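The values are calculated or read from the model by the stated rules, or taken from the named source; none is laboratory data. What you see is a predicted model, and the numbers here were worked out from it, not measured in a lab. No Cβ is skipped: glycine too gets one built from the backbone with ideal geometry, and neighbour counts run over all protein chains shown. Surface accessibility is based on the protein's heavy atoms, side chains included, excluding ligands, DNA and RNA. Shrake-Rupley method; radii C 1.70, N 1.55, O 1.52, S 1.80 Å.
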Amino acid sequence: MTVTTAQPPGPDAHYKVPDLTGYGDVADEVKVRLFEQVKADIRFGDYLYGCYECGICVGACPSAKFYDFSPRRIAQAAAREDVDLVYQQMQEDIWECSQCFSCLRCPRGNNPGGIVTIMREVAVRNGLTSAKEALVAYSRIIYKIMSTGTQVSPDMLRPDAFPDWGPETGDVADNLELWRRALPAETMHTTTTGWAVAERTLVELFVIWMETGALDLVARVDPGLYSILQELVEERLEEEGIEL
Amino acid sequence: MFSDTVVVIGGGPGGLRAAHGIAGTGNRAVLIEQRDYLGGTPVAEKYSGLTPRGEPAAPQIQHLVDSVTADPLTEVRLGTEVVALDGEPGAFTVTLRRAQGSGAEAVGDQTVECGAVVIATGFGHFDPSRATQMYGYFEFPDVITQAELELMLSEHRVLRPSNGQPPERICFVQCVGSRDRQIGNEYCSKVCCGVASKEAIEIRQLLPSSKVFIFYIDMRTYGYWENEIYWPAQEQHHVQYVKGLITEVLPKGDRLLVRGEDTTMGRPMEVLMDLVVLSVGMEPSTGTRDLAKLLGVRQNKYGFIEATGAPLDPVSTNREGVFACGAALGPADLEDTVSSAAGAALKAVGYLRPRPVATAKA
Amino acid sequence: MSIQGEALGCAEVAEGPVADRRQLEDPRGELLELERQGELIVQKIDREAIILATKYGRPKRIQKAHLWHHKSCGQCGHIPGYSTSIFWVMRKLGYDYCDPADQTSCTAWNYYASATSNSAAQAAVAVRNFAAAYESGYFPLIHCGTSYGHYKEVREELIRHPELRAQVRAIMAKLGKPLVLPEEIVHYSEWFYALRAEIAAKQVRDFSGIAVAVHPACHYYKIVSGDAIYSADIYGGQRTAVVTGLAQALGAEVRDYSTWFDCCGFGFRHILVQRDFTRSFATLRKIEVMKEEANPDVVLTHDTGCVTTLDKSQFAAQAHGRNVGLAVLSDAQFAALAMGAHPYRVCQLHWHSADYRPLLEKMGIDWERAWGEFQSDLRRLERGEKRYLDWDDADGVADGPR
Amino acid sequence: MPSAGRKVPPVVVEKERAMVASTISGREVELPAMWNRMFEPRVLTDYGPDGFAAISALPGGESLEWCYGCGKCVAVCPVDMVGDYGPRKIHRKVQAGTQLQAHAGLWLCTTCGNCLRVCPKQVDMTAVMPAVRETALDGAGVPAELQDIFEKTFRYGNALGQAQRRRAQWADRAGVPVRVMAKDPRPVDVLFYVEDYWSFHPRGQDAARAFARVASALGIDWAILGAEERTIGDSQRLAGEKGLFDAMADDVTAVLARYEFARIVTPDPHAFNAMLREYPRRGHTFDVLHYTQLLAPLRGQIRWAKELPLKVTFHDPCYLGRQNGEYDAPRALLEAIPGVELLEMGRCRDNAYCCGGGGGGMWLDSFSGDHMTERLSERRVREAAQTGADVLAVCCPYEVPRFADAAKSTGYEDLRVCDIVELIDEAMAGGAGREGVTGG
């Protein structure tokens, strides 16, 4: 059998799909490095024992009802250490998961939802395109939670942002300040935060963001947001005389 | 004086075969059974057909029972349970007592001398209320176990407990209470795939217009169960096998909606059923559990009696002279049960008379 | 098919064999053991408490009074009537509480939506809040199902991983706080379930004609499922008893439907940035199924995300003629209304999108008059009579004779 | 389920414009496009045995139900290699409620038999699919291209819609006499059943002429039916037109009955398959050979005029090799040609990859185009080229035109595609007449 010299045009005819997951152009060591980071998370050992593909998790999974998403495939790919598939999932699957943990019914004790949480963290830490795209509409909310300590604030309910929630949601925006003052609970008269968070509490929150490196995570996904937050946090901590 | 008697505890197929084997060697067997009848679970739960060929269970078990009761070398004590075992291998004293709730009138403790003991106390079914998944066994009358279906099959009428009508769509859910880390039963109970397929055939024969499904991870119909049960069920009786377990059972109108994933198609599935049969696995029976503690016999992680010499010596326990067989050791089908029973019988007989010196090897 | 309280065949939850791993789950015992080893401080329940059974039989103690309200950002931000009702009911039953400013959001909504955090940061946020409660002497009561599920998860990780404990302990030290966790992590719906008899005793509106469909929050009973409340009298011990138990105690008829175990479609990120999924799921999988099979007057649930999702997702689905239009309330608002709370001053139903008026009519509430009363309150604020309304206003003290 | 690794996007329901009114306040809100976008659920709900029951009732349809999902077939299914197909997938779809009669997948199977070869339950798709197609013929699902072929076969007696009287036209320029039975009805040893593509297709005619020269050079006593020949139509049978096949069989056997001959030889594996296995079932038994089986034993007598220094790879036709077990005659002939070096493809002999022409596929290229990333013939040509061969040798009339087109469309124009007999003819100095034959 003579060896062919020139590499003929067209992919190797023996493979159904030469690049099954579609990320053949990404270097293997990148995929391996990302998967190693997923496995390095302290929780990974508790989330994955092995999968015998019974499909019980998918039966309970909301995302699987509409997306071509499957917690079983997440657990299987991780259990088989299929680095290519894990990388594809980190780019295409993980942001479809509803993180509702219905899949904790796994008779093997796996936690596919937890594996997705870890994969998302690694995707954010490494600035994967999927993470950037997933968070592009989300930066406003990250700013709110990291800078004010409450995530969803009354002033977010603007009709242009939530027309699909009906005109009554628009009324909230029209009467926001007045309706908030009509709330009997003392802490809830705010409009830019869910409730009045004490100053001291916010400073403690900033210390947590800095000490745990949570703030740095934002850097790789939304540099603009990161610089705003970093400036705000560091300024505030200096005023409090806290060095890290 | 050497004893010529072996005490066999448990009157099911295992105990019966052990007693029959012991008598066959010319020694005496005292068979202790807490119920008021012999035959064990197959009789208690009124098995209809036996795997793999599905012939009626009752006559076959009766034949085994008669072979023991008719043998002069066997002595059967019904409504009796063991309360103590003293002495040492070759010279044991077994203390017996009337089982509570048995018909026979209460009488004081009795003792039996014997050279060895064979435990054949069998298994109990997994209690579906502890299932990992939401099968609603206690909520919905039309969710039953294989044993409850077997009872109906032995009376040749399969009806929906909710309305007494014959069901049109019936499904089996495999691995309920087995292969499950959350519940702690991490083992496979061996028989449920074969029994489910056999029951499916019996339903199809009884209700020709019925549609029967089996939701499974992998069909474990070992040996001849494959060609004698699985293939005929699928090919001649048109039982529908779907690869993917059911996650939850919920009411929809007067029927039940079973939900899971068709793992081959990679899509969630939701199918309406009239009757849901849970293939519940095996667990150590309370008899096995209590007796193990009583006789100081070590149990494995799952509560079954540990076979210290497994796999080549599957019947010896950590206590010399005390042997175990059948489902007391772990999940077992009838073939496993009677063959390990014969093995236990032979080992037990070894403790009745010393072997002539000449033949003993160095 | 409706679920009567007692008719459900109440076989005791059988105690499993020793090999039943889930029987061994006892986070409270593990925390107390860690405390004995000096690893952390456990805030004890040292006041009157009600004992409830959890799924695998472990007893869980629910402190009745002197509670530290761990508020929910989604409730206070978008459904203020939810938290207001919790305070209102607690006040009506006469139990003291602390509504702290020294409290941050659990940040779990952001974490499950964007993963822009890590287990150390999430654990530190949780412990900081618990430390604040510990310092106040009040015992924490969690408002949001997401926070409740997330804190159970964080507790499990802190119990399992010494290095995480060490990291969080160091951060707390920087803040001058101990590494402290409460003896039990209690969700407000457990408090409402525990006190359902006391609530029913103060019921002034007859709910016997009200049909309810319950949606259980995933984070409540699916994460560390052993810690959720179960009762042999409700669903035969097969499903969590909270919310259902309260609704039945108030005389409402709880009806079953075939997607009871389904999530609501919140998705954490989907509700905000992938709404086509949330809209489809909430409508096709929950609302339409409930209307078709149970035809309830109201959906009751016990989580911020679920109320927001089920209430807000119905509107757009009308573009495709879907069978929607079902009032969505929290169990807290439902209990408050039962006890005579004002639909707008207390339950703030004007923040909701799904039509609640038919429900109010069925409850015998004249919502037009109630809305008028609320409008007059607002006029008083606009005239500058008061800067803020208060709990007396919430009870219409200033209305004068009715 | 990702098909071939690609995720399937959700099915979207979206209105360009929508006005929605609030039931609380009656006010309307404009919700254009994405604001009202919703998804269709992808939950399967329609499970049952009825699909199988209907198919099992069809003669040949009973084995589909036997599948226990091991998946071995999908790996060797040539259509799955370039699409998303295979017996297990069809079994699952039928059980999950898909009406196979109305499903596009019904027409993609080339009945190549590779799944049957590996199937532990012996699910026989070469029987199931034709049986189901037969019931689908009056439905709307029949691809127009195929319908057209059935009509041509019925009206003209050949699939190419050519005039029957021009059946023997290829013989005029063969350079050797070609006896036509109607003109010279004396008994003959070999009745050579030419079939459509060697009769009418230009590249087929080249091969026919080459065969004529080689046969006469070897002194074989052979003759053709000429205008009286009708296509056997085995592919039409496998495409679902069993009725048409039976009608053709009556005509064919009526013509054959007029003449005396010892053996029938044909270049077409499909005709060979029908006469070998289907005709006996209808009461007509002949001694049938594929032309390579006729020539191989005589290869020792060929006097070669020149060497052909060529690297040649050979494509086993499904209905000669896998379906009827003949792998060696073609190879023996190729290896007999001086100078030829035979290179085997990875998928060869009983695991040969299908050219896509069988089971009606010959006439469904545009239909199947929507369901495949490339044509089977293109995938096969790439495999052939990647062996480094100069020539792709075939011995089925469908394949010369199919692979020639595929070579062009895959950028392998310089890969020569020809029938084995053309190479033999060339090495015998082709059209130079008789000298190439040793005595006797």
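Quick check: anything in the stretch C:173-186 under 25 Å from residue C:229 (Cβ atoms), part of a helix (DSSP H, G or I), over 23 Å from the mean Cα position of the chain (by Cα) and free of Cβ contacts under 8 Å to residues at least 24 places away in the same chain?
Within the stretch C:173-186, not a single residue is under 25 Å from residue C:229 (Cβ atoms), part of a helix (DSSP H, G or I), over 23 Å from the mean Cα position of the chain (by Cα) and free of Cβ contacts under 8 Å to residues at least 24 places away in the same chain.
Looking for something surrounded by fewer than 19 Cβ atoms within 10 Å (Cβ to Cβ) and part of a helix (DSSP H, G or I) - is there at least one such residue anywhere in the stretch A:189-198?
Looking through the stretch A:189-198, none of the residues is surrounded by fewer than 19 Cβ atoms within 10 Å (Cβ to Cβ) and part of a helix (DSSP H, G or I).
Is there any pair with a first residue in the stretch A:156-184 that is in contact (Cβ under 8 Å) with a residue 24 or more places away in the chain and a second that is hydroxyl-bearing (Ser, Thr, Tyr) whose Cβ atoms are under 8 Å apart and which are 6 or more apart or on different chains, and what are they?
Matching pairs, first to second residue: A:180/A:190; A:180/A:191.
Answer yes if at least one residue in the stretch D:148-157 is in a loop (DSSP other than H, G, I, E, B) and either in contact with a Phe, Trp or Tyr (Cβ under 8 Å, 6 or more places away or on another chain) or surrounded by 21 or more Cβ atoms within 10 Å (Cβ to Cβ) (or both), and no otherwise.
Checked against the condition, which is being in a loop (DSSP other than H, G, I, E, B) and either in contact with a Phe, Trp or Tyr (Cβ under 8 Å, 6 or more places away or on another chain) or surrounded by 21 or more Cβ atoms within 10 Å (Cβ to Cβ) (or both), the stretch D:148-157 yields at least one hit.
How about the stretch A:15-45: which of its residues are facing another protein chain (nearest Cβ under 8 Å), in contact (Cβ under 8 Å) with a residue 60 or more places away in the chain and open to solvent by less than 40 Å² (accessible area, probe 1.4 Å)?
Those that are facing another protein chain (nearest Cβ under 8 Å), in contact (Cβ under 8 Å) with a residue 60 or more places away in the chain and open to solvent by less than 40 Å² (accessible area, probe 1.4 Å): A:21, A:22, A:41, A:43.
Test of understanding: among D:112, D:70, D:119, which residue is open to solvent by less than 20 Å² (accessible area, probe 1.4 Å) and on the phi < 0 side of the Ramachandran plot?
Exactly one of D:112, D:70, D:119 is open to solvent by less than 20 Å² (accessible area, probe 1.4 Å) and on the phi < 0 side of the Ramachandran plot, namely D:112.
Restricting to the stretch C:124-135, count the residues that are open to solvent by 10 Å² or more (accessible area, probe 1.4 Å) and either in contact with a Lys or Arg (Cβ under 6 Å, 6 or more places away or on another chain) or more than 12 Å from chain A (Cβ to nearest Cβ) (or both).
Residues flagged as open to solvent by 10 Å² or more (accessible area, probe 1.4 Å) and either in contact with a Lys or Arg (Cβ under 6 Å, 6 or more places away or on another chain) or more than 12 Å from chain A (Cβ to nearest Cβ) (or both) within the stretch C:124-135 amount to 1.
For the stretch D:203-226, name all the residues that are among the charged types (D, E, K, R), surrounded by fewer than 21 Cβ atoms within 10 Å (Cβ to Cβ) and in a helix (DSSP H, G or I).
Answer for the stretch D:203-226, where residues must be among the charged types (D, E, K, R), surrounded by fewer than 21 Cβ atoms within 10 Å (Cβ to Cβ) and in a helix (DSSP H, G or I): D:203, D:206.
One line per residue, one yes/no per condition, for (1) within 14 Å of chain A (Cβ to nearest Cβ); (2) open to solvent by 60 Å² or more (accessible area, probe 1.4 Å):
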{"position": "B:208", "(1), (2)": "no, yes"}
{"position": "B:231", "(1), (2)": "no, yes"}
{"position": "B:236", "(1), (2)": "no, yes"}
{"position": "B:239", "(1), (2)": "no, no"}
{"position": "B:242", "(1), (2)": "yes, no"}
{"position": "B:252", "(1), (2)": "no, yes"}
{"position": "B:263", "(1), (2)": "yes, no"}
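Any residue in the stretch B:177-201 that's more than 14 Å from every other protein chain (Cβ to nearest Cβ) and open to solvent by 10 Å² or more (accessible area, probe 1.4 Å): show its pairings with residues that are acidic (Asp, Glu) and assigned to a loop (DSSP other than H, G, I, E, B) at Cβ separation under 9 Å, as long as the two are six or more apart or on different chains.
Cβ pairs passing all conditions: B:190/B:333; B:191/B:333; B:195/B:333.
Would the stretch D:169-184 turn up any residue that is polar (S, T, N, Q), open to solvent by less than 50 Å² (accessible area, probe 1.4 Å) and modelled with pLDDT of 95 or more?
No, there is no match, as no residue in the stretch D:169-184 is polar (S, T, N, Q), open to solvent by less than 50 Å² (accessible area, probe 1.4 Å) and modelled with pLDDT of 95 or more.
Quick one: which helices (runs of 4 or more DSSP H) lie wholly within the stretch D:364-432 and hold at least 1 residues that are in contact with a helix residue (DSSP H, G or I) (Cβ under 6 Å, 6 or more places away or on another chain) and under 17 Å from residue D:348 (Cα atoms)?
D:376-385, D:399-409, D:420-427
Does the stretch A:105-115 include one or more residues that are out of contact with any strand residue (DSSP E or B) (no Cβ under 6 Å at 6 or more places or on another chain) and over 27 Å from residue B:184 (Cβ atoms)?
no
Please go through the stretch D:246-263 and pick out each residue that is open to solvent by less than 60 Å² (accessible area, probe 1.4 Å), not in a strand (DSSP E or B) and not hydroxyl-bearing (Ser, Thr, Tyr).
Within the stretch D:246-263, D:246, D:247, D:248, D:249, D:252, D:254, D:255, D:256 qualify.
Search the stretch C:96-123 for residues being touching a Leu at 6+ places or on another chain (Cβ under 7 Å) and more than 7 Å from every other protein chain (Cβ to nearest Cβ), and hand back the single one that is farthest from residue A:138 (Cα to Cα).
Step by step, filter the stretch C:96-123, then rank; the result is C:97.
Out of the stretch C:344-366, which residues are hydroxyl-bearing (Ser, Thr, Tyr) and either away from chain A (no Cβ under 14 Å) or out of contact with any strand residue (DSSP E or B) (no Cβ under 9 Å at 6 or more places or on another chain) (or both)?
Of the stretch C:344-366, the ones hydroxyl-bearing (Ser, Thr, Tyr) are C:344, C:353, C:356.
Matches in the stretch C:344-366: C:344 only.
Residues of the stretch A:208-244 being surrounded by 12 or more Cβ atoms within 10 Å (Cβ to Cβ) and of a type in the set (D, E, K, R), which ones?
Matches in the stretch A:208-244: A:211, A:216, A:220, A:222, A:234, A:236, A:240.
Six or more apart or on different chains, Cβ under 7 Å: which pairs go from a residue in the stretch D:6-22 that's without any contact (Cβ under 8 Å) to a residue 12 or more places away in the chain to one that's open to solvent by less than 70 Å² (accessible area, probe 1.4 Å) and small (Gly, Ala, Ser)? Could you list them?
D:6/A:22; D:22/A:166
Identify the residue in the stretch C:42-51 that is touching a helix residue (DSSP H, G or I) at 6+ places or on another chain (Cβ under 6 Å) and of a type in the set (A, V, I, L, M) and, among all such residues, is most open to solvent (accessible area, probe 1.4 Å).
Out of the qualifying residues, it is C:50.
From the list B:216, B:222, which residue is more than 8 Å from every other protein chain (Cβ to nearest Cβ), more than 18 Å from residue D:45 (Cβ to Cβ), open to solvent by 50 Å² or more (accessible area, probe 1.4 Å) and not acidic (Asp, Glu)? Even if it seems obvious, please write down each step before you answer.
Details: B:216 fails: open to solvent by 50 Å² or more (accessible area, probe 1.4 Å).
Just one listed residue meets the conditions, B:222.
Would you please name the residue that is nearest to the chain's Cα centre (by Cα), looking only at residues in the stretch B:265-275 that are in a strand (DSSP E or B) and either surrounded by 19 or more Cβ atoms within 10 Å (Cβ to Cβ) or of a type in the set (Lys, Arg) (or both)? Quick ask: steps written out before the conclusion?
Quick first cut of the stretch B:265-275, residues in a strand (DSSP E or B) only: B:267-273, B:275.
Remaining after also requiring either surrounded by 19 or more Cβ atoms within 10 Å (Cβ to Cβ) or of a type in the set (Lys, Arg) (or both): B:267-271, B:273, B:275.
Details: B:267: 36, B:268: 34, B:269: 32, B:270: 32, B:271: 31, B:273: 28, B:275: 24 Å.
Restricting to residues being in a strand (DSSP E or B) and either surrounded by 19 or more Cβ atoms within 10 Å (Cβ to Cβ) or of a type in the set (Lys, Arg) (or both), the top hit is B:275.
Among the helices (runs of 4 or more DSSP H) lying completely within the stretch C:228-343, list those that include at least 3 residues that are crowded, with 24+ Cβ neighbours inside 10 Å and within 13 Å of another protein chain (Cβ to nearest Cβ).
On the way: elements: C:244-249, C:270-273, C:275-280, C:288-293, C:304-312, C:314-317, C:331-338.
Those helices (runs of 4 or more DSSP H) span C:275-280, C:304-312, C:314-317.
Within the stretch D:129-140, take every residue that is in contact (Cβ under 8 Å) with a residue 12 or more places away in the chain and over 17 Å from the mean Cα position of the chain (by Cα) and give me the one that is surrounded by the fewest Cβ atoms within 10 Å (Cβ to Cβ).
Selected residue: D:140.
Could you tell me whether the stretch D:93-108 includes any residue that is more than 22 Å from the chain's Cα centre (by Cα), of a type outside the set (Gly, Ala, Ser) and open to solvent by less than 10 Å² (accessible area, probe 1.4 Å)? Walk me through it before giving the result.
Narrowing the stretch D:93-108 to residues more than 22 Å from the chain's Cα centre (by Cα): D:93-99, D:102.
Now drop any that are not of a type outside the set (Gly, Ala, Ser), which leaves D:93-95, D:98-99.
From the residues that got through so far, the ones that are open to solvent by less than 10 Å² (accessible area, probe 1.4 Å) too are D:94-95.
Yes, because at least one residue in the stretch D:93-108 is more than 22 Å from the chain's Cα centre (by Cα), of a type outside the set (Gly, Ala, Ser) and open to solvent by less than 10 Å² (accessible area, probe 1.4 Å).
Given the condition open to solvent by 10 Å² or more (accessible area, probe 1.4 Å), farther than 20 Å from residue C:225 by Cα and charged (D, E, K, R), answer yes or no: does some residue in the stretch C:138-161 qualify?
The answer is no, given that none of the residues of the stretch C:138-161 is open to solvent by 10 Å² or more (accessible area, probe 1.4 Å), farther than 20 Å from residue C:225 by Cα and charged (D, E, K, R).
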